[in-house]
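Only the coordinates and a few stated rules stand behind these numbers; no lab work does. On a predicted model such as this, the values are computed, not experimentally measured, just so you know. For neighbour counting, all protein chains shown are included, and Cβ atoms are generated from backbone atoms with ideal geometry for every residue, glycine included.
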Amino acid sequence: MISRIYVTPKGLDVRVGLYKKSWNELGLSGKLSRITIIDSYLIEHSLAKADLLRVASALTNPILEGYSIDKLSKTNCDFALEIGFKPGVTDNVAHTVKETIIDLLHIKEEADLVVYTSKVFLISGTISAEDIKKIAFSLHNPLIETSYTFNKKYFQKTANLPLHVPEVVLSKTSPVIRVPLSVSSAELTKIGKEGIMDPQGFRRGPLALDLDSMKTIQEYFTKLGRDPTDVELESLAQTWSEHCKHTIFASEIEDTRDGKIIDSLYKTYIKGATNLIRKKKGAADFCVSVFSDNAGGIAFDDEYLITHKVETHNSPSALDPFGGAITGIVGVNRDTIGFGLGAKPVANTYGFCFGELDDKRKLFRDRELTQPMLPPKRIMEGVIKGINAGGNCSGIPTVSGFIKFDARYRGKPLVFAGTVGLIPRNINGRHSEEKQAQAGDYIVVVGGRVGLDGIHGATFSSVTLDSVSPATAVQIGDPITQKKFSDAIVKEARAMNLYNSITDNGAGGISCSVSEMAKECSGAKVDLEKVPLKYPGLRPWEIWISESQERMTLAVPQKKWEVFNNLMKRRGVEATVIGEFTDSGKCAVSYNGRILMDMDLEFLHNGFPKKRLFTAPYRHTHPNPKMPKGSSRTKILEQLLSKNNIAGFSFISDQYDHEVQASSVLKPLSGPGRINTDAQVFKPVLASSRAVVLSSALYPSYSDINTYAMAAGALDTAVRNAVSAGAKLSHLAILDNFCWCSSYNKKLLAELVDALKACYDIATAYGTPFISGKDSMFNDFQGYGEKGNPVKISIPPTLLISAIGVMPNLQKTISPEFKNAGDLIYLLGETKDELGASEYSKMLGSLGNNVPQVDLKKNLTTYQALENAIEKNLLESSLSVNSGGFAIALAKASLGGMLGAKINFEGNLNIDAKLFSESQGRILVSVSPKNSKKIEKLMRGVICTKLGTVSKDGKVTITSGQNKIVDTNVKKLYKIYHKFSDSMSAKGGSASGGK
Amino acid sequence: MSGYGLNCEEETKFAFEKAGGIADIVHLNDLIASPAMLKDYDILAFPGGFAYGDDTGSGKAYANKFKNHLSKELEEFLARDTLVIGICNGFQIVTSLGILPGALTFNSGGKYLDRWLDLKVEGRSPWLTGIKTISVPIAHGEGRYVIDEEDYRVLKKNKQIAFTYTHGKICKFQNLEANPNGSMHDIAGVLAYNGRVLGLMPHTERAMFAHQSPTWQKNKKMVKSEWGEGILIFKNAINYFLNKKR
């Protein structure tokens, strides 16, 4: 039977005020009187009344809440609004409730027990049905959730909400089909583009295989004398996808501008740079595992390795911001758990690029205007919440992050998520970065079960009360399921030597993880019917490529399986044997004894036809901005500081736990004025004083002038940020994340080549190797405007560089804000007239062309001198000069320390360039007067300009020649800097409390 | 204790060890399998984390499971001269177990919040010997302490309020409000069983090193010790037993 348990808060419910506030903003101000928020647990069961009461009581904290069964506790309201999940969507709370019931009543797990959770809002006021619609829209994402509205009449009669069950029911379809490939080129193209035709006459969704690839596949199967099954074709599509094989980075490119042939962008510029650096470093090489595993690994000390990986989750976050972001972060956590024999996640990083928050354009994905795009603000709120839930729940500190805005991220936001891992260098006498599945090992999957999550737009025929949207489009993360197996593997099974290899299930699900691991021993054989499912009725190809979250694949020796499985059971983790690794040279898949896939690994991994791509010359020029008149720039500086690309974002830093694991050294917010730091420091080993430095940088707007400058700026800044906080160039590595658009466009390809050249030049000059990277090449939106007009929005070519370094002594960490009145202020590095594409020029409305160039030789000398000064404890503060230039850096150092600064900036440069030029290679430092002689001596050969002093009075002034060009004070700057963040947190955002 | 999403067990263990104790991390299921092992220990610590992802309310599901299997053993443990601490999610669990008064619910700001703050010691407890004020961080979404007026009067009279949030050096340094989550009567931690059971929202283990404090960079040259204020709580617990043995 079906029962509903309602849990209703007693006393003050703080969420009510927050919801009221956000609903008032929907234009309902003054209309709402009373709101009650009730948790509903819809349970399908065969329990006795007394047991049901025990369950209800266990779900209730008597001090805070009361319960009722099949009867709403309050009915004196005008509307009831219920928000619940769509069929098949992961319902984490329901899992917990089910576990609680099973444990409480000591019933068998297989027992006939299903739980669905929802939130019920009882709302009173002078509101119309139309108003309720608005509220409902603000509360749920129709892709994954459903809302039901009930009026007064309905529930005053029944005092209960309907007992409907959002169950997944799949229609029966033929499990496996063969796909005839002896067809025309046109048909091959169609299969590649739109997918395999189901017997019902529907295409299953894109395989993203072009004609060349389809012909190669046709040839292979012609030789075998048979047609491929759908499982084989889907599997090839996954393995050969841009996502997995990085086809553009691997392609041959003819640069038509100089006629040169680039063998592969990746091999030439990224791996090429790393190889050269490692060779030069010789014995001092700290790279241990680069480009070969799920994350890059470098030495931390003699005992440990530290790993890093940064992923993007852009498209999923555009559709379901919360789900996209949470699966992004827990997904990259798995890359860490899947490094070597399994590293422990010790820090998370994030990076967000959103459209402008005041962008009110209505955009749709379809011509019929039925699939609206979420506005940037909604995407931002959901994404922030997703990283919050993923990181906080997993007990991994979110140490480092940034947020950027540009109108062109309106169509596709960029959501970067990174994880740093820690692993002992030797485990049971083995090098921990090496793993090797052995023929005969069981293929074991641990973690979540498989549903239709994340299957490429497959049509999902579910017959339920009122569900029409595919549950397949998005995935919801379950950080606790993952936390359980992460702990069980990394903290227990690894030390017990219970498995030979491990990798995560990400894109392509087990089809990719198994065939990837099969390379280690040269073969695998899988019985798909053994894979545990969320609900019955999945077809074999769906099981094979489903991207259901929170799963790892391991190679467990047969004789260790029992011990392994017992351990997992004791830790509440489901582990299942789904097949065996072999040495047959083949990847073989069967379903209930019927062979569905029998393909050579060699073809699966290396059969992909190599492409040759071509570039075309490009050139961007922009009018120069008109500089303001007069000699005061005070107002302009204040205006620039308030821009959300420059202002503080403590509303994000504050809600991410950055101190769990007790490792925090330099936090995301620093000083009395709580400025966001450009680099963060933490110590991953409690008993060691060694520390890890993280930083990142990107300058997407520089791409409007030149992608070489864009990439060079990102590398230089990421390195400088790290060194400014105390990192050593000799132990600093970098990661690349390319997010491009329209990548087959020849001009954009030329821009890509230029960005990669910069990567090579700067990395090799600084000796900072790339250790891991990722690319996302098609960040374009093609949809429709309000009137059905086609709209294309492409992101600006964006390269995120993340840096990770190791410091021998955390005591050398140095924060960016001024510390003491009377300290001397110096600017290291040279300021040039380089306002092109700067935040300042953007504010003035025209980009200009003199984009900052990186002077490798000078900057390197500066950074080495800076390192030296930090090592000798000569600095009181150190802040890397980034977006917004010197004036913004000065404002941040001042308000960070809540101290004034008196500056005199001499020289012939115009005042706008002095203040706002974004010339690379500069650091703003403060020095105690007693150390001034020492620092000046140490900085010989470096451009080091004494500009003024830190002052107690809080006044921030800058003079140039006879003119006072800036005259403001630190309290004012503090307010301006935090205004953006204050406005975001005042909204209350979500009222979801803990999560 | 560990398991089901608790996540501060390693640093909490480290803090007890640096304070002079010997600590083991025990998974809830292992304790359920061998409940007698509780007899071997003097201190039971429920560390911070996100047990069961806070589903159905923070601390609830973990406490349900604990109660369901270990009620008798917990009673026996408390009948001895032992100490119990619940930190953050551990505090939420311990109140749900019913061995500390009151309950914890959503922060008044509605959001998860990680920041430093100041505590004033109010109550009497072996955990608090010699401490008057202490600066530590919080990181929680459900930290608003709720208690009815009658129970509050009893708490106050019996010196069972361990800590209140106060406007001390951190709040002055970063210009922050004292009570970050709207807790009733500014209560940050409470006591029971003669002060032997302590529950608190702030994370003392995240203040065990001097460099963890936001004021560290400013006072770097003055700070001589590696250790921060948070370690005192752990030292007090270990010393309670060492002194007894003397």
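Over segment A:2-159, the fraction of Cα-Cα pairs per 5 Å bin, rounded to whole percents and listed from the shortest bin up, is 2, 8, 17, 20, 19, 16, 10, 5, 2, 1, 0. Placing +1 on the Cβ of every Lys and Arg and -1 on the Cβ of every Asp and Glu, with no other charges, gives segment A:271-392 a dipole of roughly 340 debye about its Cα centre.
Please say if segment A:63-149 is rounded, prolate or oblate, where rounded means a/c under 1.5 for a ≥ b ≥ c the square roots of the C-alpha gyration tensor eigenvalues, and otherwise the choice is prolate for a/b larger than b/c and oblate otherwise? Verdict is oblate for segment A:63-149. Adding -39500 (n - 2.57) for every DSSP H run of four residues or longer, then dividing by how many residues chain A holds, sets the calculated 222 nm ellipticity at -9000 deg cm²/dmol.
Hydrodynamic radius of segment B:56-175 by the Kirkwood approach over all distinct alpha-carbon pairs: 15.9 Å. Counted over segment A:327-464, the DSSP beta bridges are approximately 65% antiparallel. The stretch between A:Lys108 and A:Glu602 holds 173.3 nm of extra length on full extension. This uses 0.36 nm per residue minus the Cα-Cα distance.
Where a Cα-Cα gap under 25 Å defines reach, which lysines qualify for A:Lys586, not counting those fewer than 8 residues away within the same chain? Cα-Cα hits under 25 Å: A:Lys215, A:Lys223, A:Lys245, A:Lys435, A:Lys519, A:Lys525, A:Lys530, A:Lys559, A:Lys560, A:Lys610. Taking every DSSP beta bridge that has both ends in segment A:814-995, the antiparallel portion is near 85%. Efficiency by 1/(1 + (r/R0)^6): what FRET value for A:Asn849 and A:Lys31, r their Cβ-Cβ distance, R0 = 41 Å, to the nearest 0.05? For A:Asn849 and A:Lys31, the calculated efficiency is 0.15.
Taking 0.36 nm per residue of separation and subtracting the Cα-Cα distance, full extension of the segment from A:Lys858 to A:Asp967 would add 36.0 nm.
Take the Cα of A:Lys153, go 7 Å toward its beta carbon, and the backbone nitrogen atoms of segment A:114-129 under 15 Å from that spot belong to A:129.
Note: the protein assembly as shown, Cα convex hull, 179 Å³ per residue. Taking only the alpha-carbon positions of segment A:814-995 and ignoring solvent, what does the Debye formula give for the base-10 log of I(q)/I(0) at q = 0.15 Å⁻¹? Log10 of I(q)/I(0), two decimals: -0.89.
Dipole check for segment A:2-158: with +1 at the C-beta of Lys and Arg, -1 at the C-beta of Asp and Glu, and the Cα centre as origin, the magnitude is about 760 Debye. Packing here is the average count of other Cβ atoms within 10 Å per residue, and on that basis the peptides A:139-145, B:146-152, highest first, run A:139-145, B:146-152. Farthest toward the positive end of the dipole of segment B:9-245, out of B:Ile99, B:Ala162, B:Phe66, is the Cα of B:Ala162, where the dipole comes from beta carbon charges about the Cα centre. The charge dipole of segment A:1-77, taken about its Cα centre with unit charges on the Cβ of Lys, Arg, Asp and Glu (plus for the first two, minus for the last two), comes to roughly 300 debye. Counted over segment A:695-829, the DSSP beta bridges are approximately 75% antiparallel. The phi-based Karplus calculation (6.51 cos²θ - 1.76 cosθ + 1.60; θ = phi - 60°) puts the 3J(HN,Hα) values of segment A:69-79 at 10, 6, 7, 5, 5, 10, 10, 7, 9, 8, 9 Hz, whole numbers, x for Gly and Pro. Could you check the simple spin-label distance between A:His431 and A:Ala507, using points 7 Å along Cα→Cβ, in nm with one decimal? Here the answer is 2.8 nm between the modelled labels.
Of all lysines in the structure, the ones whose alpha carbon falls short of 24 Å from that of B:Lys157, not counting any fewer than 8 places away in one chain, are B:Lys120, B:Lys132.
Compute the orientation-averaged projected area for segment A:244-398 from the convex hull of its Cα atoms and round it to one decimal in nm². Taking a quarter of the hull surface, the average projection is 13.7 nm². By the equivalent-ellipsoid construction on the alpha carbon gyration tensor, chain B comes out with semi-axes of 26, 21, 18 Å, ordered largest to smallest. Peptide B:214-223 has a mean of 5 when you count, residue by residue, the C-beta atoms of other protein chains within 10 Å of its C-beta. Peptide B:136-147 has a mean of 4 when you count, residue by residue, the C-beta atoms of other protein chains within 10 Å of its C-beta. Computed packing ranks the peptides A:598-610, A:410-422, A:116-128, A:182-194 as A:410-422, A:116-128, A:598-610, A:182-194, most packed first, by mean other Cβ atoms within 10 Å.
Counting Cβ atoms of other protein chains within 10 Å of each residue's Cβ and taking the mean over peptide A:666-678 gives 3.
When the C-alpha to C-alpha distance is required to be over 22 Å, the pairs from A:Lys635/A:Lys914; A:Lys534/B:Lys67; A:Lys71/A:Lys157; A:Lys484/A:Lys534 that qualify are A:Lys534/B:Lys67. Identify the residues of segment A:437-452 with backbone N under 18 Å of a label point that sits 7 angstrom from the Cα of A:Asn497 along the Cα-to-Cβ direction, or state none. Flagged as within label range: A:437-439, A:441-442.
Taking amide hydrogens as placed 1.01 Å from N in the peptide plane, the amide H of A:Gly125 sits under 5 Å from those of A:Ser33, A:Arg34, A:Asp78, each at least 5 positions away in sequence or on another chain.
Between the amide H of B:Gly182 and those of B:Ser108, distances stay under 5 Å, these residues lying 5 or more places away or on another chain, with hydrogens modeled in the peptide plane. Using the Cβ-Cβ distance between A:Ala250 and A:Asp227 with R0 set to 30 Å, the FRET efficiency from 1/(1 + (r/R0)^6) comes to roughly 0.60.
Among the listed pairs A:Lys812/B:Lys218; A:Lys902/B:Lys224; A:Lys667/A:Lys872; A:Lys964/B:Lys218; B:Lys159/B:Lys244, those with a Cα-Cα distance over 25 Å are A:Lys902/B:Lys224; A:Lys964/B:Lys218.
Packing, taken as the mean count of other beta carbons within 10 Å per residue, orders the peptides A:705-712, A:787-794, A:402-409, A:294-301 from highest to lowest as A:705-712, A:294-301, A:402-409, A:787-794. FRET efficiency for the A:Ala407 to A:Lys979 pair, using the beta carbon distance and R₀ = 30 Å, is estimated at 0.90.
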